[in-house]
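For reference, the structure is listed below as structure tokens.
The values are calculated or read from the model by the stated rules, or taken from the named source; none is laboratory data. Fair warning: this is a prediction, and the values are worked out from it, not measured in the lab. FYI the Cβ positions are ideal-geometry reconstructions off the backbone, even for glycines, and counts take in every protein chain you see.
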Amino acid sequence: MNVLAPEFWVDPYPAFAELRDDAPVKWHEECALWTIARHDDLMRISRDPATFCSGRGVLPSDRQREVDPAASILFLDPPDHHRHRKLVSPAFTPRRISALEDRVRRLAKELLDEVDAGEAVDFAPAVAEPLPMLVIADMLGVPASDRDQFKLWSDAMIDAATEPTEEAYALAFELWQYFEKIIEERRVDPADDLISVIAHAEVDDVPLNNAELNGFCMTLLVAGNETTRNLITGGIEALANHRDQLQRLVSDRTLIPSAVEEMLRWVTPVMNFARTATKDVELRGERIAEGQMVFMLYGAANRDPEVFGPSADSFDVGRDPNPHVAFGFGEHYCMGASLARLEARVLFDELLQRYSTVELAGEPERLRSSLMRGLVHLPVTLN
Ligand code: HEM
């Protein structure tokens, strides 16, 4: 079992069940890390950054490089993490996020207007990719005239995370320079956008510096785009494969919020994040040594029968309660959770007002990744 091989992640669920039952905390010699398969262990680790830190990286590949704390909030531990999070959280309050609903709905409608009933469409590039991209560009205050270029840079950033070519790095650097310019402008002349809010926020009179602010913009792009895109494609695929659940939703759209939670649990778009032990610690009788990495399998926790009962392996749009960990847990709980929920809720609401059947029109093509669970192509017919 090589948990770092993209092949492992094509259908990891049988292996997850085995790990949960036989070795919930397991050392993998070839990957030099521990996997964590049970929901309660994952929560325990996530809420204890003093013992399981983020500062030495949150991906196994981070071990091969020097982690720069200014590059992302993801790499910070308390107390720096608290300070950084307090500074950026004003941009993500429920009030600010719900104020975006009309704009998100307009974008969702425009994208769905381009889809023809009864004709096969590749839902990934047609709807699922552009929606989160346009929303985040709008929030950041990227001028509409720069949107195409912005999309190129942003795609390169995402490519660089999976396949770090020189070309992708060069484009990501151009994006860095682009943000640098906008940040300078907004410091002097604030606008009604997220960069201005964060640039002018202060905790104990100390604002974020430009490198931290630029790192945050880059993090938002990566954190907010591919994740939400994959929630949408994975949610559509789940509805196409579970017609009874689709019909339930069509006949009662008040179930959409709980359906979105179930899609988050079912798809688990971010499949794992890691922490490093800051001291020797015992977990379920296993001795984790200082400096060793623990690899949290969110998808395994999200199908844990101890939490989700005997129906853990079923897709149920009315599941309640649904304490999934698709957005992580504890200190680093996803800052964009309300935004991702809003985008998915609005999109499925608009979609199900127009269509009552979703059928696969070809084989979906899975993203080759050991981090993101996603579909690059999703041919469907909507009626
Ligand atoms: C379905 C969509 C999404 C999923 C599944 C997801 C998942 C996650 C997870 C698992 C974490 C925890 C990281 C950790 O513990 O180390 C996280 C953190 C984060 N997410 Fe999301 N995310 C989504 C959408 C978004 C969006 C739309 C944004 C912003 C526009 C966003 C911004 C962030 C940020 C800034 C963090 C870091 C928080 C911190 O370190 O304190 N995410 N996300």
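A few comments on the model shown:
- Qualifying residues in region 43-67 (those that are farther than 17 Å from residue 292 by Cβ and not in a helix (DSSP H, G or I)) - the one modelled with the lowest pLDDT: 65
Per-residue answers, yes or no, for (1) more than 22 Å from residue 331 (Cβ to Cβ); (2) surrounded by 13 or more Cβ atoms within 10 Å (Cβ to Cβ); (3) not aromatic (Phe, Trp, Tyr):
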residue: 64; (1), (2), (3): yes, no, yes
residue: 79; (1), (2), (3): no, no, yes
residue: 87; (1), (2), (3): no, yes, yes
residue: 103; (1), (2), (3): yes, yes, yes
residue: 118; (1), (2), (3): yes, no, yes
residue: 123; (1), (2), (3): yes, yes, no
residue: 131; (1), (2), (3): yes, yes, yes
residue: 143; (1), (2), (3): yes, no, yes
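- Scan of region 131-170 for residues that are within 21 Å of residue 102 (Cα to Cα), assigned to a helix (DSSP H, G or I) and away from the ligand (no atom under 14 Å from the Cβ), ordered by number: 144, 147
Yes/no per residue for (1) surrounded by 17 or more Cβ atoms within 10 Å (Cβ to Cβ); (2) of a type in the set (Asp, Glu); (3) at positive phi:
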{"residue": "7", "(1), (2), (3)": "no, yes, no"}
{"residue": "12", "(1), (2), (3)": "yes, no, no"}
{"residue": "17", "(1), (2), (3)": "yes, no, no"}
{"residue": "28", "(1), (2), (3)": "no, no, no"}
{"residue": "58", "(1), (2), (3)": "yes, no, no"}
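- Residue that is farthest from the ligand (Cβ to nearest atom) [pool: residues in region 68-94 that are touching a Ser or Thr at 6+ places or on another chain (Cβ under 9 Å) and part of a loop (DSSP other than H, G, I, E, B)]: 93
- Odd one out for residue 114, checked against (1) within 18 Å of the chain's Cα centre (by Cα); (2) within 20 Å of residue 359 (Cβ to Cβ); (3) free of Cβ contacts under 8 Å to residues at least 40 places away in the same chain: (1)
- Where strands (runs of 3 or more DSSP E) fall entirely within region 279-364, those with at least 3 residues that are in contact with a helix residue (DSSP H, G or I) (Cβ under 8 Å, 6 or more places away or on another chain) and either more than 16 Å from the ligand (Cβ to nearest atom) or at pLDDT below 95 (or both) are at 358-360.
- Filter pass, residue 248 being more than 16 Å from the ligand (Cβ to nearest atom), under 26 Å from residue 172 (Cβ atoms) and in a helix (DSSP H, G or I): no
- The residues on offer are 253, 187, 265, 229, and the sole one that is surrounded by 20 or more Cβ atoms within 10 Å (Cβ to Cβ), touching a residue at least 12 places away in the same chain (Cβ under 8 Å) and more than 20 Å from residue 156 (Cβ to Cβ) is 265.
- Screening residue 126 on (1) away from the ligand (no atom under 14 Å from the Cβ); (2) free of Cβ contacts under 8 Å to residues at least 60 places away in the same chain; (3) farther than 18 Å from residue 227 by Cα shows it passes everything except condition (3).
The rows are residues; the columns are (1) of a type outside the set (D, E, K, R); (2) in contact with a His (Cβ under 8 Å, 6 or more places away or on another chain); (3) farther than 26 Å from residue 202 by Cα.
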| residue | (1), (2), (3) |
| --- | --- |
| 19 | yes, no, yes |
| 44 | no, no, yes |
| 65 | no, no, yes |
| 77 | no, no, no |
| 95 | no, no, no |
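- Filter result for residue 214 (within 16 Å of the ligand (Cβ to nearest atom), under 18 Å from residue 374 (Cβ atoms) and surrounded by 15 or more Cβ atoms within 10 Å (Cβ to Cβ)): no
- Contact map, region 311-324: residues that are more than 13 Å from residue 242 (Cβ to Cβ) paired with residues that are surrounded by 13 or more Cβ atoms within 10 Å (Cβ to Cβ) and small (Gly, Ala, Ser), Cβ distance under 9 Å, separation 6+ or inter-chain. Pairs shown: 320/258; 322/258; 324/301.
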